[in-house]
Structures are given as structure tokens and as C-alpha cells.
Amino acid sequence: MKKLLSIVCSLMFLFFVPLAHAQDMATVIFSARNQVVVGRNVTVDVFINSNTTINAAQITITYPQNEFQFVSIDSKKSAFSITAEEKSGLGIIKVARGNIKALKGRNNFTAFTLKALNNSSSISHLGYSVTDSLVMSYNNVNILAGSMVQTVQPPTNTSYPLIQTTTNTTTRTSGTSTQGVVSVLSQAVKIFFNGLFK
């Protein structure tokens, strides 16, 4: 009986240890500061919420060009102090940042402002490029698992605006290593994501 119990315990250990590692994940949160009004600007804070320590991230934000016009990027409040890349293109905003000290929990990553073009403009249509975005954990693994959108809705029978949340989950292979490396050199951080930053 003791031998059987020992075998069962060993099997449980082998099964659950990889699962514990696989639970490390990070989520991108898009949080609008104000309501979307046609012809006006809306500013969106981007947070990264992780249940383990992270050092760097690259998020290629996507938005519908027929709904929004890019205005600006503002990372002054970012918890990630090192800027590797900030640029905008046709329907995308690409931001890569790092930090010497590891971060955990909900941290401000960047903010951007868009101009709403028509009645179909919706913050819930924001997303990120799965193939060009990653969040690096302390052990150099991409743990980006999905996104969440928090929009400000007009008040109904209350005296304050309501916040509505939409969650999008990204399928990923748990524990898959990436080619990302974060290195500290002469008090500066250089972030390399498989040669993306030169």
C-alpha cells in the first residue's frame, strides 16, 4: 500500500509541476480615460497585468483605420523606464519598453490618443498583433496570454459613468521560450527581441 501511495505521489508531482510553471501569464489591458465621441480624441492607457515578474514587453497595438485616426503616444507615466521603440503606422502602434527592476502585477506600459472618426468607432475594437507582441518573464519566456478592454459608458440611471470590460484570450503554447533577451550594460538596458531592435 505504501509503495502504491509513493507511486501515486510521484506521478502527481510530475504532472502538477509543469502546470504550475504554465500558469505564469500576462494580460494587456486597454483602459479608456474618456468616452468615445465622434470628432473628438480619446486617450487609452495600456497596462500589463502579470502574475509573475517581468522585465520587458513589446506590444503592437492594432486599431481599425476606418474608425480611428492616430494622434499621439505618451509614455511619461510608464512603469517601464527604458524606451526601446515607439512608432505608429497604418492601423498599428508599436511600443517596446523595458525596466531594470523586475515588475509584477498591474503596471502602466504606455498611453496613446486616437481621434474617433464615425459612429462605429469603438475602443472594444482595439487589439494587438499576436505574432509581433510579447511579454518577457524573469526566466525569458513569453507569457502574453490575452487582452482586456475597459471602456467608459455614458451614465444611465446613475450619476457617474460606467466602466464596461471586454476580455479577449490569446492561445499560446505555455512555457515556450522565445529569443528575447534583456541585458543590462553600463546602467542602460538594451532589449533584443530576435533582432527586431537594432
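Since every read-out is calculated from the coordinates, none of them should be taken as a lab result. Note that the structure is predicted; figures quoted are calculated from it, not measured. Every residue, glycine as well, gets a Cβ built from its backbone with ideal geometry; the counts of neighbours run over all protein chains shown.
Quick look at the values:
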read-out: 130, 141 arranged by Cβ crowding within 10 Å, fewest neighbours leading; value: 130, 141
read-out: Simple spin-label estimate for residue 79 and residue 38 in nanometres, 7 Å along Cα-Cβ; value: 3.9 nm
read-out: Which of 129, 121 has the fewest Cβ neighbours within 10 Å, and the rest in rising order; value: 129, 121
read-out: Likely footprinting exposure, 24, 74, fewest C-beta neighbours within 10 Å first; value: 74, 24
